[in-house]
Structures are given as structure tokens and as C-alpha cells.
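The values are calculated or read from the model by the stated rules, or taken from the named source; none is laboratory data. For clarity, every value in this text was computed on a predicted model and none was experimentally measured. Positions of Cβ are backbone-derived with ideal geometry, glycine not excepted, and every protein chain shown enters the neighbour counts. The accessibility values were calculated without ligands, DNA or RNA, using every heavy atom of the protein model including side chains. Shrake-Rupley method; radii C 1.70, N 1.55, O 1.52, S 1.80 Å.
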Amino acid sequence: MEKKELTNKERLAIPPQKMPEQGPKERIGNVNEVPYGFTEEMAVAEAERCLQCKNAPCIKGCPVEVNIPVFIKFIAERKFREAVAVIKETNVLPAVCGRVCPQEEQCQKPCTVGKSLKSVDKAVQIGKLERFVADWEMNQAGSESPSIKPSTGKKIAVIGCGPAGITVAADCRRAGHEVTIFEALHKPGGVLAYGIPEFRLPKKIVGREVDNLVSMGVELRTNMVIGKIYTIEELMAEGYEAVFVGTGAGLPMFLNIPGENLNGVYSANEYLTRANLMQAYSFPNTDTPIARASNVAVFGGGNVAMDSARTALRLGAKNVYLVYRRSHEEMPARKEEIHHAEEEGVQMNLLQNPVRFIGDDKGWVKAVECLRMELGEPDDSGRRRPVPIKGSEFTIDVDVCIVAIGNASNPLIPHTTPDIQTNKWGNIIADPETLKTTKKGVFAGGDIVLGAATVILAMGQGRKAAQAINEYLATGAW
Ligand code: FAD
Ligand code: SF4
Ligand code: SF4
């Protein structure tokens, strides 16, 4: 019997589905993913909450404009293969984006359901639905490989195997070009592999996407630091007619306060790379050690700070303090990550700022001196400026400190390719539509252009760059 069409009132009355997840006590004892994902029944019920708005404001909230109402309708009809195909028209990494996109700030923010129920938390859970169908597809035997056009005989070099580089490689390979990815690290994936922890993004998902690239015929060369082993000029002389630079923003920023060079003070990049990429949590079964600590302070309030703090708990810390100079409200991390961190026991030391690290006689950090802050007028970012309270110094006893206050662009490629121009922050200047740099044949996108941004924005730029590269190789016009 044909199912009766629900009215909008009935759809709005369906409660948001709650994704099951590991409990906080259990999960800090392992590195497994925290949320388990929707069951089929949950996904269908969540999809039925969508009103199929004609103007679809959600699409405008998505940087790559996934056709959200259409894929959700397919889920409601249990046509999961069709749903995932719709997403993949504009987003090649749905299993990743469904997990890590800041959906509450993007596609879900303008959702009519959330607006009608007066809370963005009650919007249709687009990201979780995206994750559901991507995972469903992954579990099907023999998922189809994308079709590849006949060989053009043209060679493209992609530098960096993060989300931007992966997207460019896939789209250019589909157009029939020979694509080689040069990746500096020994494993591909960029931040998806070395930064975002396993408990938020299982590495097998990233691995599968890279395997797909290789099965499409993309050549992957790891341990290839471009700028050191080859320059871009040398790659072009080797016959690469177009080069895409997707080297990310992997240069950690520091606090520049006394004692920062003490043992036990890590940049978040180093800490997370050791823990994730090098699997230091399994040391001595793996080769890379990491300082095991009882008391850890993490400085910062973004996703990187949350990932570091939650990783420290999983490495056995008893007290993890997240020291942030503004209040809860201004924290740039995703709400879900803050909630998970708090549930797990991360202690939020808000309105505090470190002023110096204090070491013991062996050169290890043993305490950090902080100042209390209050909020003043808004600054250029629109957030209220933190102002130190005079005479409010106090110390926190620590064995490990993790600085997670942001990342900048690595200068290696611009330095070795002087005709590629950069802005005052060291980001490569590229046309926002074509991603062409100031050097003929060279394109750039992702964090190296945007500064530390998001996975989906990096992929969105990769998409545009691939289109421009394909056009350039077809016409030769710059
Ligand atoms: P990257 O992912 O940085 O990849 C660049 C690659 O280039 C790396 O593999 C690097 O090794 C390689 N490379 C660098 N220099 C060279 C060279 N000279 N030669 C060859 N290869 C080189 N975004 C979200 O959307 N949601 C999140 O929840 C989120 N959490 C994050 C958590 C952490 C800890 C971090 C660090 C970032 C997070 N981000 C998140 C940001 C997001 O991961 C980045 O915006 C995104 O990965 C940028 O993609 P990219 O391809 O430009 O660069
Ligand atoms: Fe939302 Fe990200 Fe998917 Fe776009 S790619 S629909 S922003 S989860
Ligand atoms: Fe569905 Fe929300 Fe998009 Fe409307 S705005 S189509 S309810 S997801």
C-alpha cells in the first residue's frame, strides 16, 4: 500500500533523532569513534522531518551546494544509492564531511525546520544523514568506480594530499589526465590523517578515499617534500603542464612567551601528529613516543584545542585544563566538540591567558603562570576583546602543555617559487574563481590560500581549481 504523504505539521512534530554514541567514561579509555551513526530506521525518520522547501535555504548554506532536499528525499524513500550519488555530484568526501563539517554554521543554520522550531539544534540533521548514506555505501560490496575519460596524455602534479589535493586529483583524473600527487608525509590525507583524531574521523574512511584515487589510476608519491626534493620549476620541466598547490596551513603558531622551549611544551600539530599519524598511543608497540602526563594544559578554544585536550585524556591524563582567554560563547570550536570534551571531563579554564611557562631543574615544564581576563569591547573579529585583570596572576601545575592557537602557511613553496605571490599572512594569492596563481600553469587552493579554514572549503576550492585546470589544458589559455 502506498505510504500517505505527511503534512508539514506532522513532519515538524517528528523529534530530531538522537545518534547513539559511546558513553564518556568508556570512550576516554579507547580511540574508537564516539558516535555510532544512525540506524536505517533513524535515518528514514530524520529524513521525514525535511519539508522539501522549494527555496531550499540549506543549499545556500553549503559551500559546495549539495542538493540537500533531493538526497534527503531519496533517504526517506530508502533509495540510499541514489541519495549518495546526488551528494557526490558536488562533494567527493561525504563520509568525511558528514562527520566534520561545521553543519550548524553551514547547511543546518538556515534550515526551515530549525527556524520554525526556533533552535538550530532542531534543524534537520543534514550532516548526520550525509554520513549515514556515505557509510551505507561503504558497506556495500562492489561500489562503482567513477568513469574516466580517454587519456589526454597530459600530466598534472598535485602537491599535498589533503582534502584540496584529493579533490583536484579525482576531478582531473576523471577528465583523462595523468595525475601524480606528491605528499611530504609518509601517509596521505593531510589533516584528515595527521590532525583530526581517530575518535572523530576513523582513518579507514580517509584510507578508502585515497585507495579509490589510486584505483582510478592516480599515482601517489609519499615522502616527497616539494621545494626540497624538486621545485615546481623542476616538475614543470619534467613535463607536468599544470601544477596544483594544496599544501595546507601546517605551520604552528606559538604563544611567544618565556619558557615555551621547555621539554613537555608541544605545538598541537606535533602532539596530534605523534598521537594520530604515528599512533603514539600504542607505544612501545609503535615507534613514536609521546610524553604521558597527569596534568595537561591546552591553550586555545578551537577544534584543534578540543582535539588535543580529548587526545590527552585518552593518553591517560588525570586533569586536562583547556585554557581559553575569552568565554564559552566566543569559543570557535564546534558546539558538539565542546559538549563532548566537557562530558569527557576536560576542565574549561575560561577567561585565562598564559604568560610564562615554569620549568624544573631538568628543563621540563612543571607549571604555567596565567592571568585572569575580562571581556571588553568587540575587536576586528566581532568577538569581545579579552582584557587582562592586573595582579590576577596564578599558576597551574602541569607536566605537558599543548599550544593550539592556530596555524599558518608553510613558506617552503612560495620561497622556492619566487614568481608565486603571497599575501601578508604568507597565503598564496589565487583568483577566487579559477584558483590561478600569479605563475602560469600553477593553481593553488585550500588552507594554503584561505588560511586555516575547513575541509569543505578546501574541497570547494579543489573543485573549482580542477575545472580551471581542465579548461587550461584543453585550450592553453591562461
Ligand atoms: P591539509 O589537510 O593541511 O593537507 C595538506 C597536505 O600537504 C598535507 O598532507 C601536507 O603534508 C602536504 N604538504 C605540505 N607541504 C608540502 C610540500 N612542500 N610538499 C608536498 N606536500 C606538502 N575542518 C573542518 O571542516 N572540521 C573540523 O572538525 C576540523 N578539525 C580540525 C582539527 C585539526 C586538529 C586541524 C589541524 C584542522 C581541522 N580542520 C577542520 C581544518 C581542516 O582540516 C583543514 O581546513 C583542511 O584539512 C585543509 O585542507 P588542505 O587540503 O588545504 O590541507
Ligand atoms: Fe552540510 Fe557539509 Fe554536507 Fe555541505 S558538505 S551539506 S555543509 S555537511
Ligand atoms: Fe529540508 Fe531544511 Fe533544506 Fe527545507 S531547509 S529543504 S527543511 S533541509
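Length gained on full extension, residue 356 to residue 395, computed as 0.36 nm times the residue gap minus the Cα-Cα distance: 13.1 nm. Among the trypsin sites (Lys or Arg not before Pro) in region 148-228, those located in a DSSP loop and surrounded by at most 10 other Cβ atoms within 10 Å of their own Cβ are 228.
Short-range pairs are left out: with C-alpha atoms under 8 Å and at least six residues apart, the relative contact order of region 254-407 is 30 percent. Beta bridges per DSSP, both residues in region 254-407: antiparallel share near 45 percent. Judged by the ratio a/c of the largest to the smallest principal axis of the C-alpha gyration tensor, region 21-73 counts as prolate, that ratio being 1.5 or greater while a/b is larger than b/c.
Note on surface exposure: 151, 308, 294 rank 151, 294, 308 by accessible area, highest first, 1.4 Å probe.
Let me know the shape class of the chain, please: from the alpha-carbon gyration tensor, a ≥ b ≥ c as square roots of the eigenvalues, rounded when a/c is under 1.5, otherwise prolate if a/b is greater than b/c, or oblate. It is oblate, given that a/c is not under 1.5 and a/b is not larger than b/c. Computed on the chain, with alpha-carbon pairs under 8 angstrom and 6+ residues apart, the relative contact order is 15 percent. Converting phi to 3J(HN,Hα) with the Karplus coefficients 6.51, -1.76 and 1.60 and the offset θ = phi - 60°, region 116-121 yields 5, 8, 6, 7, 5, 5 Hz in sequence order, with x at every glycine or proline. For the residue pairs 18/204; 109/440; 9/109; 73/464, the alpha carbons lie more than 32 Å apart in 109/440.
Remark: spin-label model distance residue 342-residue 477 equals 5.5 nm, labels positioned 7 Å along the Cα→Cβ axis.
Within region 382-478, the trypsin sites (Lys or Arg not before Pro) that combine a DSSP coil assignment with at most 15 other C-beta atoms in a 10 angstrom radius are 383, 390, 424, 440. The charge dipole of the chain, taken about its Cα centre with unit charges on the Cβ atoms of Lys, Arg (+1), Asp and Glu (-1) only, comes to about 660 debye. Classified by the C-alpha gyration tensor, region 169-210 has a prolate form. Its axis ratio a/c, with a ≥ b ≥ c, is 1.5 or above, and a/b is larger than b/c. The Cα center of region 77-133 and the Cα center of region 334-360 differ in position by 29 Å. Stretching residue 149 away from residue 375 to a fully extended chain increases their span by 75.6 nm, per 0.36 nm per residue minus the current alpha-carbon distance. For residue 177, the residues whose amide H sits under 5 Å from its own are 152, ignoring neighbours fewer than 5 places away on the same chain, with H placed 1.01 Å from N. Looking at the chain, the DSSP beta bridges with both ends there are about 40 percent antiparallel. Here the peptides 411-419, 309-317 are ranked by packing, the mean other Cβ count within 10 Å, and the order with the highest first is 309-317, 411-419. The residue among 134, 151, 162 whose Cα reaches farthest toward the positive pole of the charge dipole of region 103-182, with charges on the beta-carbon of Lys, Arg, Asp and Glu, is 151. Here the extension length gained between residue 282 and residue 141 equals 47.6 nm, from 0.36 nm per residue of separation less the Cα-Cα distance. In the context of the full set of protein chains, the chain has a per residue accessible area of 45 Å² (1.4 Å probe).
Candidates 350, 321, 391 compared by Cα position along the dipole of the chain: farthest toward the positive end lies 350, with charges placed on Cβ. Comparing Cα centroids, region 260-288 and region 411-438 end up 31 angstrom apart. Take the Cβ atoms of residue 79 and residue 105, set R0 to 30 Å, and the FRET efficiency comes out at 0.55.
In region 88-196, the C-alpha radius of gyration followed by the widest Cα-Cα span (Dmax) gives 17.3, 55 angstrom. Loop-located GluC sites (Glu not before Pro) across region 197-247 with a Cβ neighbour count of 12 or fewer within 10 Å are 238, with loop assigned by DSSP. Quote the FRET efficiency, to the nearest 0.05, computed for residue 429 versus residue 40 with a Förster distance R0 of 60 Å and r equal to the Cβ-Cβ distance. So the FRET efficiency works out to roughly 0.80.
Per residue, the convex hull spanned by the Cα atoms of region 323-447 amounts to 183 cubic angstrom. With contacts taken as Cα pairs under 8 Å at a separation of at least 6 residues, region 396-478 carries a relative contact order of 23 percent.
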